[in-house]
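Below is one structure; the comments refer to it alone.
The values are calculated or read from the model by the stated rules, or taken from the named source; none is laboratory data. Being a predicted model, the structure only gives us computed values, none of them experimental. Glycine also receives a Cβ, built like all others from the backbone with ideal geometry; neighbour counts cover every protein chain displayed.
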C-alpha cells in the first residue's frame, strides 16, 4: 500500500502523468517527476509559501499535499502563467516594478497574488499587504510587490472586467 | 524534511474510512486539509503507518441551515465558509474568525472538521465553536454519536474522539438574531496562531444584555467559555463597571499556558484586556445579524 | 550619440527567467545518476561521541554510502581556522589574540552544538537518505553545555574546544585619545548594558551543494549556493589535494545570501569528497530545519558601555567592552567584532574612545556575518546612547545628534582608528546633518510630530519617533577581478568572481560596461560566480561588488581599449590617438563613416595567419584586472521611524518609516531602492520579531519558520526614501556600496521610537528584540 501509485493530472493545460510513492510531496512530484522546477521549496512546513500553486483554480501550498492527492486535478504552476513568450500582466508588473530580486519566492508570490485578486479584484494597498502575507520574501521588503500587484490589478480589470483571466479550472481564458 | 513511508488509502465512503482506522488500531491518521498534519509528517514528528484520505468521499462538504443551527459537512473548506452566504447571514462570528485563520492558500485546503478535530489551543474555529455552542456528529465502528462543544476538547491537540472515529458533520448554533459580536486577537504576525483571543457575542435588550457569550483561544490548553464573566454581563448590563468586572473575572477564570511565545502571566493579562476590548467593540461596531 | 546607462533605472534582464520559472537554483540541477545526501545532526549541544552505528542505515535499500566523522577524519583534513584573513597592516597595529580551531567535515570527537553534522548518508533519493538517517544510532556522552558568552569566559566554564584550553576565540582592543581622564573630567556620565541578540539571514532558499567528479580528467565541478565560489574552490582543492585548475566551483541562481552563504562550510567540502569517492554526482539540499540549526547565526553581542558628555550633550568619551557569542566555531575570525568596533562612533565626533572585544566559544551554531556584519550592534549601542544622553539633559534627540555629527565641512574626516583592512579610517565625503534633516522631513518633521504625539497622548494613544544613523565602510578589499573580452560576435563579455544572490548584477554591470564601451546593455554579457571564468576572485559580501567590480571593469577596459585602438588604428590606417569608441565600434574622431566594429576588431585580433594586428601587439582581445581598493569608501544613512505602541497588549505598529541615504554615484536607482527596502525590512525583523533563543541545555528553541518570525508584508510599512549622491573619491565611477545598509539602522531607530512613545512611563529598552510582553511588563511595573 506504500508502493508506487500512478497519477494522472492536468498541469498548465497539458495532460501529464507520473508514478511515485504515496508519501511523495506534490511539490517534489512537480519538480522531479514532471521536471517543473519553477515551484520552489523554502520550508516544507507550509509557512514560507514559495511552493504555492493553483490546485483546481485556488492557491494551495504544494509542500503540504501528497502527489497522490492531485490525481485527476488541474494544476497551474508558474510555468503556466505566461502565454508563450508574452508575460502574464502580473509577471509584467513584477518586472516593471522591480518586485523580485533573487526570484526564489517569486513563483509562489505570483500565484498567491493572483489568487488574492480573484477574491478581491480591486484591493487597497493594505488589503494587498494582507493578501500577500501568505508568502515570505526576504529580499524586497514587499514595497515593490505591493506596487506591482496594484498595477497588475488595474490591467487585469481592464482586460476582463467581469471575469478573471484564470478560470476556476486554472486555465487561461481569453476575454470574449 | 521528507515524510516517512505510509500505507495510503483513498476510501469512497466514511464507513470504509472507519473500517481502515479500526484495522490500524490507532496507527492510522485521517487526512483532511493537511495543513496541520502534513507539516508534522514532514518533520517526522507524526509517522502514521497509514493515511486515510477523506478528500474523495462525496457528500461531506455541504452546508445547510435548519432549526437554529448551521450544519457543515466536516470536509467543508475554510475558504468555502469564507464566501458562503449562509455563513455571512447566520454565522457572521465564524466569518469574522476566518479572517484570522492562516492565509487564503491555507484556507483553500483547511477544513472545518479538521480544525476542530485538531484542537489546536490557539486555533480560532474551535473558539467560535465554544462561543456559539454546537455539536459534532461522529462516526465510528460502533456507529454514530454526537459530542457537544464543551465535551469535545480535552487537552492541547486532544479531543474526546477515539482514534477510529471521524467527524462527519459540525453543527454550530446560529448567532442569535440581533446579536452583536466581535473578536479581539493578539498574534505576533497576521495569520499566526493566537497568543490570546476572545470571541464575544452579546444579545442586547435596551440597556440589558440578555445573552453573553465569551470564549477563548490561545490562552489555555483548550478553548473555553468564560461563563462566570458572561453572567456578570447578563446580570449587570453593559456599562463600564460591568464590563470591567467581567474582564477581571475572565482573567481569573483562565488557566493560561506558558511557552516561549508568552508567559502565563502575560496571557492572563491579555485575557482581561482583550475581553474588555471585545465587548466594547461588539457594542460599538454593532455587528449583528 | 553617447547614451549614458549609469544612473538609469533599467529593468532587470534576470527577471524573465525568474518570473517564468526558468531560473536554475541548486535544487533544480539534475545530473545523470545523481545521488542525494542527508546529514545526521547532533540532537544535543555538547557531548563526547562514543560511537556512531551506521549498520542499520547502510542496509536501507537505495543507500550507497554511510560515513561517520571518525572515518572521514582519516581521509579529509579540516577546514582552515580562519577564512577571512586580516592583513599585516591590521595584525601589526591592533592589540589582539586569536585562537581558532579547525572544523572537520563531520564531528568525530565531540559534538559542539545542536545541529552539528556527525555522519552523512548518500542514497538514491533524499527520502531514502532520510529514512536511513533515522536509523543511525548515536552513542553520546553528554557534557555540560555552555550557553552564554559570559559564562563561557568564566574561569570554571566547560571547554568547547579542549585543546585550546580556553573558550576565548579572540580578543582585541582599540583606542584613540585618552578615555580615562576624559571620562573622569566629563560633567555627566552614564553607564548601560546593551544586548543585540542572536538572529540570522534566513534566506528563502536554504543552502545546497552538488559535485561531479570526472575520472577522465581527474577534475571536480562543484555547484554551491554560495557567495564565495573562489573560496570554495580554494578550500576544496587544498583539502582534496587537487590542483586549483582541476577544481571548478560555480554558483547558479542563488535564492538570497545576505552573508550566511558568505564562507566555506563543512558541507562544501564533504559533498565533493563524496562525489569523488563514489564516482557519481552527489547533491545535498539543506532543509529549513537543518538551516536553522547549522547555517550560521549572527549578531549576539553584549555591550557594557560608559559615556561621558557635557551640558550640551556633546559626547566627550566612550568606553565599550563587549562580548560576542560566537557559537562552537569561528570561520570568519575577528571580522565581525572588528566591524563593530570600527563603526562604533558612526557619524559622530568622539575624540576619546576605548573599545575592547572578546569573542567567546559556546555550544551554539557558529556566528558569522549577516547583512551589516557587526554594524547593527554598534549602531544599536551608539544610537541608544545618544537618545539616553538627550533624555538625561532634556534635549530633542535629533538636536543631540546634530551637535555631535561631523559636518560636511570637516570632510575628509580622519576617525583616528584603523579599518579591518589595516588602513586609517577616513570618512571620504558626505553630509550627515543634511541626511538627518532629509530623513526627518520625510517623516513629517519633528515639531509636527511632537504636536501629534501630544494630541495622541491626550487621547490615550502612544506614538514615538526614533532615529538611527550610521556610516558604513563599503567596497573592502582585498581585491576583485574582471576579465573583459571582446567576442567575435562584437559583444563585450565580462567575467568576475563576484556572485549574485538577487542584487541584479547582470543588469547593473551591463550598464557599467555599456558606458565604458559605448555599446547597448543588450550587447554585454556578464558572467559571474564561476572559477573557470577568472582565476582569482573574492566574492560578494560586505557591500563590495558594485565598488570593486566596477573599478576592475574600468581598469581592465582602459587597458583593453588601448589594445583595441592599436588594432583599429592598424585597420583604419590612423594613429590610435585619433580614435574614439562609438556605436559598438571604434572610429576616427570627427569622421562619422570611418568605423570598425568591435566584432571586426575581435577577428582582427586573433592569432594565426592574416590577422589584423600591428607588429608588437599580441593576439587576443581580452584583459584581466584585479582591482585592489586603497581602502573602503563610506556610505551613510539616517533612518527615522514613527511607531505606535499599545501598552496594554504590547503591540508595536510602524506608522511611518523614512530613509535618507548616500551611496555615492548610483548605477541603477530602482535597484538601490530595492536593496534599501529589503535591508530595512530585515532590520525591522531584527528589532521586533526574529530571534534564535537557546535554553539552558543548549537546545535551540526555534525549530521552524513558525518560531522564527520573518516579517510578512503586513509587518512592514511603506518607506519614504531620500537620496544624496556624494561621489566616492576612491574609485573611478565614484560609487559606494549599499547592499547591507538598510539592515543596519532599524533596530536602533525602532527601539528609540518605542522608548520615545513610552517616555511618560520612563521605560528603557536596551535589548532586542523588543517584544510585546516586555513592553507590557515594563509599563505595568512603571504604573505601580
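So is residue A:104 part of a helix (DSSP H, G or I), within 9 Å of chain C (Cβ to nearest Cβ) and surrounded by 24 or more Cβ atoms within 10 Å (Cβ to Cβ) or not? Judged against the criteria, residue A:104 is not a match. Take residue B:282 and decide whether it is within 12 Å of chain C (Cβ to nearest Cβ) and in contact with a strand residue (DSSP E or B) (Cβ under 9 Å, 6 or more places away or on another chain). Considered against the rule, which asks whether it is within 12 Å of chain C (Cβ to nearest Cβ) and in contact with a strand residue (DSSP E or B) (Cβ under 9 Å, 6 or more places away or on another chain), residue B:282 comes out as no.
So residue C:56 clears everything in (1) within 14 Å of chain A (Cβ to nearest Cβ); (2) part of a helix (DSSP H, G or I) except one condition, right? Which one? The single condition residue C:56 does not satisfy is (1).
Candidates in the stretch B:239-256 are the residues that are buried (at least 18 other Cβ atoms within 10 Å of the Cβ) and closer than 30 Å to residue C:692 by Cα; of these, the one that is nearest to the other protein chains (Cβ to nearest Cβ) is B:256.
Of the strands (runs of 3 or more DSSP E) that lie entirely inside the stretch C:456-540, those containing 3 or more residues that are farther than 27 Å from residue C:678 by Cβ span C:480-486. Cβ-Cβ distances below 8 Å connect the following pairs, each with a first residue in the stretch B:31-44 that is on the phi > 0 side of the Ramachandran plot, a second residue that is assigned to a loop (DSSP other than H, G, I, E, B), and a separation of six or more residues or different chains: B:34/A:65; B:44/B:1; B:44/B:3; B:44/B:4; B:44/C:134. When the test is whether a residue is in contact (Cβ under 8 Å) with a residue 24 or more places away in the chain, loosely packed, with under 15 Cβ neighbours inside 10 Å and either under 22 Å from the mean Cα position of the chain (by Cα) or not assigned by TED's automatic domain parsing to the domain that holds residue B:17 (or both), residue B:73 does not pass it.
Mind counting the residues in the stretch C:515-529 that are buried (at least 22 other Cβ atoms within 10 Å of the Cβ) and touching a strand residue (DSSP E or B) at 6+ places or on another chain (Cβ under 7 Å)? Matching residues across the stretch C:515-529 total 6. Consider the stretch B:258-268 and keep the residues that are in a loop (DSSP other than H, G, I, E, B) and at the interface with chain C (Cβ under 7 Å from one of its Cβ atoms). The one that is surrounded by the most Cβ atoms within 10 Å (Cβ to Cβ) is B:262.
For residue C:19, the stated conditions hold: it is at pLDDT 95 or above, within 14 Å of another protein chain (Cβ to nearest Cβ) and over 22 Å from residue C:272 (Cβ atoms). Of everything listed in (1) crowded, with 19+ Cβ neighbours inside 10 Å; (2) at the interface with chain C (Cβ under 7 Å from one of its Cβ atoms); (3) out of contact with any strand residue (DSSP E or B) (no Cβ under 6 Å at 6 or more places or on another chain), the single unmet condition for residue A:96 is (1). Being under 30 Å from residue C:682 (Cβ atoms) and without any contact (Cβ under 8 Å) to a residue 24 or more places away in the chain is a property that residue C:653 has. All of C:557, C:543, C:599 fail the test of being over 28 Å from residue C:245 (Cα atoms), touching a residue at least 24 places away in the same chain (Cβ under 8 Å) and touching a strand residue (DSSP E or B) at 6+ places or on another chain (Cβ under 6 Å), apart from C:543.
Against the test of being farther than 15 Å from residue B:96 by Cβ, in a loop (DSSP other than H, G, I, E, B) and either touching a strand residue (DSSP E or B) at 6+ places or on another chain (Cβ under 8 Å) or modelled with pLDDT of 95 or more (or both), the options B:219, B:243 yield a single qualifying residue, B:219. Per this entry, residue A:53 is counted among residues that are surrounded by 24 or more Cβ atoms within 10 Å (Cβ to Cβ), at pLDDT 95 or above, part of a strand (DSSP E or B) and within 11 Å of chain C (Cβ to nearest Cβ).
Considering only residues that are more than 14 Å from chain A (Cβ to nearest Cβ), surrounded by fewer than 23 Cβ atoms within 10 Å (Cβ to Cβ) and either at pLDDT below 95 or not in a loop (DSSP other than H, G, I, E, B) (or both), which ones fall in the stretch C:653-693? Across the stretch C:653-693, the qualifying residue is only C:665. Return the residues of the stretch C:268-307 that are within 13 Å of another protein chain (Cβ to nearest Cβ), in a helix (DSSP H, G or I) and touching a strand residue (DSSP E or B) at 6+ places or on another chain (Cβ under 6 Å); say none if nothing qualifies. Listed by number, the list holds a single entry, C:293.
Mind listing whichever residues of the stretch A:4-28 are within 18 Å of residue B:41 (Cα to Cα) and part of a loop (DSSP other than H, G, I, E, B)?
A:21, A:22, A:23, A:24
Selection over the stretch A:65-82 of residues that are in contact with a strand residue (DSSP E or B) (Cβ under 6 Å, 6 or more places away or on another chain), buried (at least 20 other Cβ atoms within 10 Å of the Cβ) and within 9 Å of another protein chain (Cβ to nearest Cβ) gives a count of 2. Here residue C:661 passes the criteria (1) under 21 Å from residue C:543 (Cβ atoms); (2) over 20 Å from the mean Cα position of the chain (by Cα) except the one numbered (2). Among the residues of the stretch B:269-286, those identified as touching a helix residue (DSSP H, G or I) at 6+ places or on another chain (Cβ under 7 Å) and crowded, with 20+ Cβ neighbours inside 10 Å are B:269, B:271, B:272, B:275, B:276, B:279. In the set C:732, C:727, C:717, only one residue is assigned to a loop (DSSP other than H, G, I, E, B) and buried (at least 19 other Cβ atoms within 10 Å of the Cβ); that residue is C:717. A single member of B:46, B:19 is away from chain A (no Cβ under 14 Å) and either modelled with pLDDT of 95 or more or touching a helix residue (DSSP H, G or I) at 6+ places or on another chain (Cβ under 8 Å) (or both), and it is B:19.
Mind listing whichever residues of the stretch C:233-255 are assigned to a loop (DSSP other than H, G, I, E, B) and closer than 30 Å to residue A:138 by Cβ? Within the stretch C:233-255, C:251, C:252, C:254, C:255 qualify.
Any idea which residue in the stretch C:191-228 is nearest to residue C:149 (Cα to Cα), counting only those that are more than 28 Å from the chain's Cα centre (by Cα) and exposed (fewer than 15 other Cβ atoms within 10 Å of the Cβ)? Among those that are more than 28 Å from the chain's Cα centre (by Cα) and exposed (fewer than 15 other Cβ atoms within 10 Å of the Cβ), it is C:191.
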